[in-house]
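Everything on this sheet refers to the single structure shown next.
The values are calculated or read from the model by the stated rules, or taken from the named source; none is laboratory data. Note that this is a predicted model, so its numbers are computed, not measured. Backbone-built Cβ (ideal geometry, glycine too); neighbour counts: all protein chains shown. Calculation scope for accessible area: heavy atoms of the full protein, side chains included, ligands and nucleic acids excluded. Shrake-Rupley method; radii C 1.70, N 1.55, O 1.52, S 1.80 Å.
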Amino acid sequence: MSLQFQPAEGLLAQLDLLKIELAGPVAHVRLNRPAKRNAINDALVQQLQTAMVNLPKGVGAAVLSGEGEHFCAGLDLSELSERSVAEGIHHSRLWHGVMDSLQFGRVPIVSVLHGAVVGGGLEIASSTHIRVAEASTYYGLPEGQRGIFVGGGGSARVPRLVGVACMADMMLTGRVLDAQEGLQRGLSQYLVPEGQGLAKAFELAGKIAQNAPLSNFAVMQALPRIADLSQPDGLFVESLMAAIAQGDDAAKERVRAFLDKRAGKVKPA
Ligand code: 1HE
């Protein structure tokens, strides 16, 4: 499948640390600071939020990748020494807002991982909904070695993928997981040969963009929240979300299409 990419226009085109293109209903957002291994300075983290909040109407899914040899080297350490304790708290809260704009934004995000996915890079990846790792991917949390702690939401999101014990191991001992271990532990849902991540991500994002918008909304917004609730509370929220989704015209049309034999069947992979 060959996709036609159009450069984004307007505000999105002005974000100089990102490269943003549109392929039909899928936006491709690329971290574009390869000389610094896509290390995230304040400007870049804010541009990421601006991009996600301002995706054009009609975009139903996004692919997030990194330009160059690595997905992302994490926080730009050259900015770290300048901060007071109070500024550090605000900086962490800034990241939390940006990571929320990924996880709880308008559209599901498929990230394409390769090379280093470390520190804040792993925090970004774990804020996306589907992670496709290429064979070169490795995951680390060097905060422990740098004398700091995760500040971009990693302590909330990474243990939900790999468990507290694994994250503690990565931070205390500097353990680095390779792409295969990352797949086994849930850091990625897909592992593909080197160079095939974008193709896989666009295939998945294309499917996601075809879903009914309220189904995607429910998976993004309700599912992780229900997982954090007690079972009775979660089931109550599930009932509300299910009724809202079912009541939408898109659901009625899709169910009717299946009953009229106009829709595809579920087949083995
Ligand atoms: C950087 C950064 C960075 C590279 N901040 N400048 N993250 C880390 O502790 C990871 C630190 N980086 C590395 O371990 C390596 O750079 C990599 C394994 C990612 C890549 O290695 P390599 O050999 O391909 O590149 P390089 O030669 O190390 O780096 C190229 C340039 O990028 C170089 O700058 P130059 O001016 O000398 O060319 C590096 O200094 C620069 N660079 N990574 C600043 N991270 C919200 S809280 C999150 C807390 C964290 O993320 S802590 C983890 C930080």
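You will find that of V117, V112, the residue that is part of a strand (DSSP E or B), within 11 Å of the ligand (Cβ to nearest atom), out of contact with any His (no Cβ under 7 Å at 6 or more places or on another chain) and in contact (Cβ under 8 Å) with a residue 40 or more places away in the chain is V117 and no other. The set of residues in the range 234-263 being part of a helix (DSSP H, G or I) and charged (D, E, K, R) consists of E238, D249, K252, E253, R254, R256.
Can you tell me which residue is most open to solvent (accessible area, probe 1.4 Å) among those in the range 8-22 that are of a type outside the set (A, V, I, L, M, F, W, C) and over 18 Å from G206 (Cα atoms)?
Applying the filter and picking the extreme gives E9.
Scanning the range 56-81 for residues that are more than 6 Å from the ligand (Cβ to nearest atom), surrounded by fewer than 20 Cβ atoms within 10 Å (Cβ to Cβ) and either hydrophobic (A, V, I, L, M, F, W, C) or assigned to a loop (DSSP other than H, G, I, E, B) (or both) gives P56, K57, G58, V59, E67, G68, L80.
Checked against the criterion of being at pLDDT below 95 and small (G, A, S), the candidates G147, G163 yield just one match: G147. Scoring K200 on the criteria (1) without any contact (Cβ under 8 Å) to a residue 12 or more places away in the chain; (2) open to solvent by less than 70 Å² (accessible area, probe 1.4 Å); (3) of a type in the set (K, R) leaves a single failure, condition (1). On inspection, E194 does not qualify as among the charged types (D, E, K, R), surrounded by fewer than 18 Cβ atoms within 10 Å (Cβ to Cβ), at pLDDT 95 or above and assigned to a helix (DSSP H, G or I). When A201, A227 are checked against the criterion of being of a type in the set (G, A, S), within 16 Å of the chain's Cα centre (by Cα) and under 26 Å from R106 (Cβ atoms), A201 stands alone in meeting it. Could we say that Y190 is within 14 Å of the ligand (Cβ to nearest atom), farther than 27 Å from G97 by Cβ and of a type outside the set (D, E, K, R) here? Against the criterion (within 14 Å of the ligand (Cβ to nearest atom), farther than 27 Å from G97 by Cβ and of a type outside the set (D, E, K, R)), Y190 does not qualify. For the range 132-174, residues that are buried (at least 16 other Cβ atoms within 10 Å of the Cβ), away from the ligand (no atom under 11 Å from the Cβ) and touching a residue at least 24 places away in the same chain (Cβ under 8 Å) total 12.
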